Amino acid sequence: MAEKITMQSDGTLTVPDEPTIPFIEGDGIGIDIWPAAKSVLDVAAAKYGKKVEWKEVLAGEKAFNETGDWLPEDTIMAFREYLIGIKGPLTTPIGGGFRSLNVAIRQILDLYVCLRPVRWFQGVPSPVKRPDLVDMVIFRENTEDIYSGLEVEAGTPEALKMIELLRDAFGWEIREGSGIGIKPVSKFGSQRLQRAAIEYAVERKRKRIHWVHKGNIMKFTEGAFQKWGYELVREEYSDVAVGWNDCGGDPGDKILVQDAIADIALQQVLTRPAEFDIIATLNLNGDFLSDALAAQVGGIGIAPGANINYVTGHGVFEATHGTAPKYTGQDKVNPSSLLLSGVLMFEHLGWRDAADDIVRAVESTIGDKIVTYDFARQMEGATEVKCSEFASAVIDRL
Ligand code: NAP
């Protein structure tokens, strides 16, 4: 009998063997990748006596066509009630009242961590010489920064009023005809993200954390993020972690916490990837960094992601690419991003064995050069298979 996943007062999830998990199939190639990913997840779970009761909820075009609503209240209610969910890509509605459905889901459920592990799978074509050195986990702040949507358009009465207010109250001269965006970064928002990164590092026995920021220029937002990060280490985690300046770069057996300016960090993750492990950063930096890193290990067709609130227990796991509409219904694209997001979800639920099995089976499938078009076009001697055939090949190797 299917049961709900619940959150305990100590912050841990209780996961039944047959949990109900809501899913959004997704628009465009969602109809191809969701069934493929689901089939692998189901077989892997069954090996360990687990069974997910998948509950379909609607968002995006499918929701709009069936209910007239891009993001129905029932969908949000289901994610609230069942805590953990998974989703395919969604079309951004034009003039639908949403800047982005993905951003809306993150904001409504206050999913403050965007978790993006980036690692290379043996055999995946990569533009760099040593993709095997890339094994990083990005914690991107999901609710603040210039992404908050607090913007006024150039030339509107709102923009004029804002320019006037800034001149009168602060003496700031802003050029006429400017659009203006606001960049809020709070201590609360920064430290809950940084706390999640430290806890993850402790649990996974990771050795190093970087706070990535642009604090040399934006001192009271990005600079404050860095400062609050080091304060947190000193005040709450001095038994397990230590900041670079407090140990001269020699942390003993503790986790070493250091920081890097965003621009140089974007160079160094490319030139010295082995020096990076866990990265925690603000919203916009995290957006750039996660896609740039994904490119090093094979691109967005294989990069998984999750949006999590570790305090309430809510989590929505998702493919990181879009709906790729030109491939819709062709059974062609790579299902790995959504499948590996499911793996991330299994890990989060404590189903580590099933998660590890899928990773091994994906590695072995790609190692045998059985791949979808996106990898086949970059590999010598590959066998190009359809989306569903790739899933079957993974299942054969489970
Ligand atoms: P996209 O859908 O990510 O597609 C861009 C390109 O990435 C595709 O043409 C394809 O490259 C490659 N690609 C994407 N998914 C792939 C997969 N599973 N396997 C192999 N290759 C894959 O980006 P877009 O065309 O800019 O956006 C289309 C729509 O998606 C828009 O409505 C956008 O708002 C939305 N979107 C949604 C999300 C989300 O829901 N999380 C994220 C981004 C965008 P090739 O052409 O080289 O084969």
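Observations, loosely collected:
- Within the shell of other residues whose beta carbon sits under 13 angstrom from the beta carbon of V359, the net charge comes to -2, with Lys and Arg scored +1 and Asp and Glu -1.
- Cα-Cα P(r), region 170-245, percent of pairs per 5 Å interval: 3, 14, 22, 20, 15, 9, 6, 5, 4, 3, 0
- Average Cα contact separation per residue, the chain, under 8 Å, 6 or more apart, as relative contact order %: 23
- Of G223, G286, G88, the one that fluctuates the most in a GNM where the chain has Cα springs shorter than 10 Å: G223
- Region 92-170, relative contact order [Cα under 8 Å, separation at least 6], %: 25
- Contact order normalised by residue count of region 25-147, Cα under 8 Å, 6+ apart, percent: 21
- Span per principal axis, largest first, for the Cα atoms of region 13-94 (Å): 43, 27, 17
- Rounded to whole Hz, the Karplus (6.51, -1.76, 1.60) HN-Hα couplings of region 243-248, x for glycine and proline: x, 3, 5, 8, 9, x
- Alpha carbon convex hull of the chain, volume per residue in cubic angstrom: 163
- GNM flexibility winner over the chain from Y82, Y310, Y237 (Cα, springs under 10 Å): Y237
- Links that overshoot a 23 Å alpha carbon limit, given the list K4/K51; K207/K369; K4/K205; K87/K205; K4/K62; K47/K369: K207/K369; K4/K205; K87/K205; K4/K62; K47/K369
- Summed residue charge, Cβ within 9 Å of G123's Cβ, Lys/Arg positive, Asp/Glu negative: -1
- Sum of side-chain charges, W172 neighbourhood, beta-carbon under 15 Å (Lys, Arg +1; Asp, Glu -1): 0
- Rounded to whole Å, sorted largest first: equivalent-ellipsoid semi-axes of region 1-147, Cα gyration tensor: 25, 23, 18
- Between F317, F225, F346, the Gaussian network model of the chain with springs among Cα atoms under 10 angstrom shows the greatest mean-square fluctuation at F346.
- Counting every alpha-carbon pair across region 305-398, the share separated by more than 24 Å comes to 27%.
Since every read-out is calculated from the coordinates, none of them should be taken as a lab result. Small disclaimer: the values here were computed from a predicted structure and weren't measured. All Cβ positions, glycine included, derive from the backbone under ideal geometry; neighbour counts span all protein chains shown.
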